1. Taking the range 444-467 on its own, how many of its residues are out of contact with any helix residue (DSSP H, G or I) (no Cβ under 8 Å at 6 or more places or on another chain) and crowded, with 18+ Cβ neighbours inside 10 Å?
2. In the range 202-217, how many are free of Cβ contacts under 8 Å to residues at least 60 places away in the same chain and closer than 15 Å to residue 182 by Cα?
3. Could you go through the range 63-76 and let me know if any residue there is assigned to a helix (DSSP H, G or I), more than 30 Å from residue 177 (Cα to Cα), over 31 Å from the mean Cα position of the chain (by Cα) and without any contact (Cβ under 8 Å) to a residue 24 or more places away in the chain.
4. Looking only at the range 570-582, count every residue that is surrounded by fewer than 22 Cβ atoms within 10 Å (Cβ to Cβ) and assigned to a helix (DSSP H, G or I) and tell me the total.
5. Going by the structure shown, is residue 388 assigned to a helix (DSSP H, G or I), closer than 17 Å to residue 569 by Cα and either within 15 Å of the chain's Cα centre (by Cα) or without any contact (Cβ under 8 Å) to a residue 24 or more places away in the chain (or both)?
6. Check the range 300-308 and report whether any residue there is touching a helix residue (DSSP H, G or I) at 6+ places or on another chain (Cβ under 6 Å) and surrounded by fewer than 17 Cβ atoms within 10 Å (Cβ to Cβ).
7. Right, residue 435: touching a helix residue (DSSP H, G or I) at 6+ places or on another chain (Cβ under 7 Å) and either more than 30 Å from residue 361 (Cα to Cα) or buried (at least 21 other Cβ atoms within 10 Å of the Cβ) (or both) or not?
8. So, in the range 1-25, of the ones that are within 30 Å of residue 98 (Cα to Cα) and touching a helix residue (DSSP H, G or I) at 6+ places or on another chain (Cβ under 9 Å), which residue ends up modelled with the lowest pLDDT?
C-alpha cells in the first residue's frame, strides 16, 4: 500500500482539531497570551502562608493557567505527531514545551511554600470551607513534604526539566523521523518498504521467508545505531536518578510508584507470579512449532496465525460496527458515544502517512474531545483491537471530564490501562460468541493468547528489565550497548524458554521500546490487563449493580488513588490474586487451543 504524504490524506480519515483551535494563528495567540501571564505568578510568591485567601487565590490562578496550557500543549503535540518531518509543527511543539518549562519554573515556589506552612496551620487551612474544593489536591501535595526542596532548589529542578527531556525527545525523532528500515520483497518479487506500521503485519505472513526478511531487515537499522540508542537510554536513566536523588527517594522505582501511591509489593507480586506460571507459555510455543511444522521456532514465527485459510480483512468502518456491538454490556449510552466519536465527530486520525508518529494512543485535554492516533491496517486484526483499546482510554476520558472538575478529572496510567484492556476482553467475547468456523475459533483463541502474552507476560519482562537497568544505574554499573543487550538476552531466555531459537537481532529490541523513556510505566499494562479481566468477568456475570460500579469507576477520574478506585469497582490489586487469575485464564486458553487443534 502506498504511504501518502500528509497533504494527500482525506479529511474524513483525520482527526478534527478545530474544536481546540480553528487555526494555527488562534493557537499562536493563546500561546503568546499565556507567555505574558507567566510573570503574574510573582505576585503570589511569599504569600501562601499568610492566609487561606492568599493560598486559595494562588491555587485558582494556577489551576486556570494549567487548564489553558493543557489545551495549547495538546494542539501542538497532536499536530507534531501528524508528520514528524514538518518543521513548522515541530517548531510549534518546541514552543509549547518552552512554555511548559517556563510554567514549571514560574510555579516552582508553590509546593515548597505550602510545605513551609507549619503543620498546625495547614491543618487549620484544610478545615476551612473556603478550601474545601482544593482539600484533596492539597493533601496529595503534602504527601511530598519529605521530598520537597527549598524554593530556589525547586526552581533549579524545574529549569533542568527541559534538558531532562532530551534523551526521550531525541529517541522519538530518531525512531519516528530519521530511521529508515529498508525494503524487502514479497511473494511476487515486488518491493515492500518496511515501516513501524507494517512490521507486525509482515510478521503475520504465511510465507516464512517474508517474515524472516522483515525481522532481519527491520533490526538492521537498530544494529547500526545501537551505541547511540544505548547512550540515549542510559541518559534517560541518569536523568531519572538525578531527580530521584535530588528529591531524596530511596530509588527511582519508589519515586515512580509514590505518585500513584502504589506499594512496591504490587510490582514484585507481578514479576513473581509470572515467574511461577511460565510453563503454559512454553507449552504454547511447542504447540506453535508443531502446528507450523517447524524444526526450530524463531521469534518471527510467533506472530503468524496457526490457520492458513483464515485471512483477516476489516475496513475501519466495519471495525467500529463490531466494537460498538461488543460493548453492549456497558449500556446504550456507552456504545452510542463510541460510534459517534469514532465516526461522526472524527476523534480518530486513522491511517499511516509519511512522517506520522508510529503506534497508537489516546490523547486530549479537559476542553477537547478525546483524540486517537492510529496507524490502522485493514488486514491486521491487531488494528481492530488497538482501536477498541484506545476507545477505552477515550471513553474513560469522556466520562471522567463529564463527571469531575478539571482538578480531579485526570486519572492515572495505572487505572487507564484497565479501561482500555476491558474493551479488548469484551471484543474477544463478542467474536467468539458468533457462529464461526473451527478455523476462525482457533484464530481468535490464539489471538487472545497472544494478547495476554504481549500485554501481561511480555510487559512483565519489560518491567523486570527496567528494574534491573535502574538498579545497575543506581549501583554505578556501565550502561553500554553490550551491558543492556546482555541483560535483555538473559530475560529473553527465561521468558521464551528452551523451545524458541533466540536470534541475535532480538537483543536489540531493548533499544526500540519508547516506554523505557517513561520510567516504570510498562508494568501498568500487565496489572491493567489483570484488573480488566477480573472486572470484565464481574460485569458479564453480574447485572445492573456490577455495570454501574464499573461505569462509576470510569466517571471517578482521579478523585481517589488508583488502588482505592479499583477496590470500589470490585478488584483488589494490592493482592496477587488478580494477576494469578489472569495467568490462569492464559493457561485455560492454551488448554482450549490444544483441544481445538486435536
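1. Here is the first cut: in the range 444-467, the residues out of contact with any helix residue (DSSP H, G or I) (no Cβ under 8 Å at 6 or more places or on another chain) are 450, 454.
Okay, now just the ones that are also crowded, with 18+ Cβ neighbours inside 10 Å, so 450.
Total satisfying the criteria: 1.
2. Looking only at the range 202-217, we keep the residues that are free of Cβ contacts under 8 Å to residues at least 60 places away in the same chain, and these are 202, 207, 209-210, 213, 217.
After this cut, where a residue has to be closer than 15 Å to residue 182 by Cα as well, the list is 202, 210, 213, 217.
Going through the range 202-217 one residue at a time, the tally reaches 4.
3. Looking through the range 63-76, none of the residues is assigned to a helix (DSSP H, G or I), more than 30 Å from residue 177 (Cα to Cα), over 31 Å from the mean Cα position of the chain (by Cα) and without any contact (Cβ under 8 Å) to a residue 24 or more places away in the chain.
4. Residues meeting the conditions: 3.
5. Values: assigned to a helix (DSSP H, G or I): yes; closer than 17 Å to residue 569 by Cα: no; either within 15 Å of the chain's Cα centre (by Cα) or without any contact (Cβ under 8 Å) to a residue 24 or more places away in the chain (or both): yes.
Considered against the rule, which asks whether it is assigned to a helix (DSSP H, G or I), closer than 17 Å to residue 569 by Cα and either within 15 Å of the chain's Cα centre (by Cα) or without any contact (Cβ under 8 Å) to a residue 24 or more places away in the chain (or both), residue 388 comes out as no.
6. We begin by selecting, within the range 300-308, every residue touching a helix residue (DSSP H, G or I) at 6+ places or on another chain (Cβ under 6 Å); these are 300, 303, 305-307.
With the extra rule that they be surrounded by fewer than 17 Cβ atoms within 10 Å (Cβ to Cβ), the set shrinks to none.
For the range 300-308, residues touching a helix residue (DSSP H, G or I) at 6+ places or on another chain (Cβ under 6 Å) and surrounded by fewer than 17 Cβ atoms within 10 Å (Cβ to Cβ): absent.
7. Working: touching a helix residue (DSSP H, G or I) at 6+ places or on another chain (Cβ under 7 Å): no; either more than 30 Å from residue 361 (Cα to Cα) or buried (at least 21 other Cβ atoms within 10 Å of the Cβ) (or both): yes.
Judged against the criteria, residue 435 is not a match.
8. In the first step, residues of the range 1-25 are kept if they are within 30 Å of residue 98 (Cα to Cα); the result is 5-7, 14-25.
Cutting the leftovers down to touching a helix residue (DSSP H, G or I) at 6+ places or on another chain (Cβ under 9 Å) gives us 6, 14-15, 17, 20-21, 24.
Working: 6: 95, 14: 97, 15: 98, 17: 96, 20: 96, 21: 96, 24: 92.
Per the stated criteria, the residue is 24.
The values are calculated or read from the model by the stated rules, or taken from the named source; none is laboratory data. Predicted, not measured: the structure shown is a model, and the values here were computed from it. All Cβ positions, even for glycine, are placed from backbone atoms using ideal geometry, and neighbour counts span all protein chains on display.
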